[in-house]
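Participant: Below you will find the structure I want to go over with you.
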Amino acid sequence: MSDDVSRFPVVELDELPEDLRERIGVIAGKSGFVPNIFRALGHRPAELRAFLDYHDALMDRSDGLSKAERELVVVATSGANHCTYCVVAHGAILRIRAKDPELADRVSSNPWQVELDERGRAIVDLALALARDSARFGETELAAARAAGLTEDEIWDVGAITALFAMSNRLAHLTALRPNAEFFTMGR
């Protein structure tokens, strides 16, 4: 295992192409470390760029879902997919954005029992329906989300974030990706 981070090769920040070094450098500057997902995907720069572009298009939007709600989708999806890396990493971000040290752990371990407002419940339920049994996903789930007040764009965002992180979860499983130690204590 490369540095006990991944089953596959990992790269350091200074080994990335310049555009990725700058982009990941901003993230590392804010957090104080390079998240292992970027070290693992960095050995295939074109895929890392594509991942970051889609991630940023979904997660950095200023309209619709709040940043905390977007992270709520990631944590619910990653918990349903048993992805330790994404639960730990995005759980840290959710704790910070929601200003709640317990929410991420509760959502990732038992999303059906966590107390949420109607909007939060609709977001989690929609993400879980798509993450857990996407072939059966349909009008019933969409109607429930609409009834809770989610707009068509917000429903799309929940679905697209769920889909992106289903892929990310599977890459983390493929690589046996380990979370950075720093994530475990962030936002607590």
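Participant: Could I get the Rg over Rh figure for the stretch 32-188? Both from C-alpha atoms, Rh via Kirkwood, rounded to two places.
Facilitator: Values: Rg = 14.9 Å, Rh = 15.7 Å.
My calculation of the ratio gives 0.95.
Participant: Just the accessible area per residue of the chain, please: how many Å² with a 1.4 Å probe?
Facilitator: Values: 9550 Å² over 188 residues.
The answer is 51 Å² per residue.
Participant: Rounded, prolate or oblate: pick one for the stretch 19-62, where a ≥ b ≥ c are the square roots of the eigenvalues of its C-alpha gyration tensor, a/c under 1.5 means rounded, and failing that, prolate if a/b is larger than b/c, else oblate.
Facilitator: Numbers: a/c = 1.84, a/b = 1.07, b/c = 1.72.
Judged from the Cα gyration tensor, the stretch 19-62 comes out oblate (a/c at least 1.5, b/c at or above a/b).
Participant: Would you mind checking which residues have amide H under 5 Å from GLY42's amide H? H placed 1.01 Å from N; only 5 or more apart, or other chain.
Facilitator: Under 5 Å from the amide H of GLY42 lie the amide H atoms of VAL11, each far enough along the sequence or on another chain.
Participant: Can you tell me which of 150-163, 9-22 comes out highest on packing, and rank the rest after it, using the mean Cβ neighbours within 10 Å? Could the numbers behind the result be given before it?
Facilitator: Numbers: 150-163: 19.0, 9-22: 14.6.
Most protected by this proxy first, the peptides run 150-163, 9-22.
Participant: Kindly state, to the nearest 0.05, the FRET efficiency for HIS43 paired with TRP112, given R0 = 35 Å and r defined as their beta-carbon distance. Intermediate results must be reported in sequence, preceding the final value.
Facilitator: Numbers: r = 38 Å, r/R0 = 1.09.
My answer for the efficiency is 0.40.
Participant: Give me the net charge of ALA92's neighbourhood, meaning all other residues with Cβ under 9 Å from the Cβ of ALA92; Lys, Arg count +1, Asp, Glu -1.
Facilitator: Details: positive: ARG95, ARG188; negative: GLU182.
Overall, the nearby charge balance is +1.
Participant: Given the rule -39500 (n - 2.57) for each run of at least 4 DSSP H residues, summed and divided by the residues of the chain, what is its mean residue ellipticity at 222 nm, to the nearest 500 deg cm²/dmol?
Facilitator: Mean residue ellipticity at 222 nm (helix-derived): -20000 deg cm²/dmol.
Participant: For the chain, calculate the relative contact order in percent as a whole number, restricting contacts to Cα pairs under 8 Å that are 6 or more residues apart. Don't skip to the end; give the middle numbers.
Facilitator: Numbers: 235 pairs, mean separation 56.1, N = 188.
Normalised by residue count, the contact order of the chain is 30 percent.
Participant: Related question: Using the Cα atoms of the stretch 108-182, I'd like the radius of gyration and the largest Cα-Cα distance, Dmax, both in angstrom.
Facilitator: For the stretch 108-182, the Cα-based Rg and Dmax read 13.9, 41 Å.
Participant: Can you list the HN-Hα couplings for the stretch 103-111, worked out from phi with the Karplus curve (6.51, -1.76, 1.60; θ = phi - 60°), rounded to whole Hz and with x for Gly and Pro?
Facilitator: Once θ is set to phi - 60°, the couplings for the stretch 103-111 become 3, 4, 5, 5, 5, 6, 8, 8, x Hz.
Participant: Order the peptides 119-132, 33-46 from the highest to the lowest mean number of other Cβ atoms within 10 Å of their residues. Intermediate values should be presented prior to the final figure.
Facilitator: On the way: 119-132: 21.2, 33-46: 19.3.
Result, highest mean first: 119-132, 33-46.
Participant: Now, a different point. Picking from PHE137, ALA104, LEU58, whose Cα lies most toward the positive end of the charge dipole for the chain (charges on Cβ: Lys, Arg +1; Asp, Glu -1)?
Facilitator: Positive-end residue among those listed: ALA104.
Participant: Further question: How much accessible surface does MET59 have with a 1.4 Å probe, in Å² rounded to 10?
Facilitator: My reading of the accessible area for MET59 is about 10 Å².
Participant: Rounded to the nearest 10 Å², what accessible area does PHE184 have for a 1.4 Å probe in the complete protein model?
Facilitator: PHE184 has an accessible surface of roughly 100 Å² with all protein chains in place.
Participant: Now for a separate question. Could you work out the local net charge near LEU126, counting Lys and Arg as +1, Asp and Glu as -1, over the other residues with Cβ closer than 12 Å to its Cβ? Don't skip to the answer; put the middle values down first.
Facilitator: Working: positive: ARG119, ARG121, ARG132, ARG146; negative: GLU69, ASP125, GLU141, GLU154, ASP157.
Result for the neighbourhood of LEU126: -1.
Participant: Right, something else. Would you mind checking the tilt of helix 152-175 against the longest principal axis of the Cα atoms of the chain, expressed as 0 to 90 degrees and rounded to 10?
Facilitator: The two axes meet at around 40 degrees.
Participant: Using a 1.4 Å probe on the protein heavy atoms, what percent of the accessible area of the chain belongs to carbon and sulfur?
Facilitator: Working: 5080 of 9550 Å².
Carbon and sulfur: 53 percent of the exposed surface of the chain.
The values are calculated or read from the model by the stated rules, or taken from the named source; none is laboratory data. What you are looking at is a predicted structure, and each value in this text was computed from that prediction instead of being measured. Backbone-built Cβ (ideal geometry, glycine too); neighbour counts: all protein chains shown. SASA here: full protein model, heavy atoms, side chains in, ligands and nucleic acids out. Shrake-Rupley method; radii C 1.70, N 1.55, O 1.52, S 1.80 Å.
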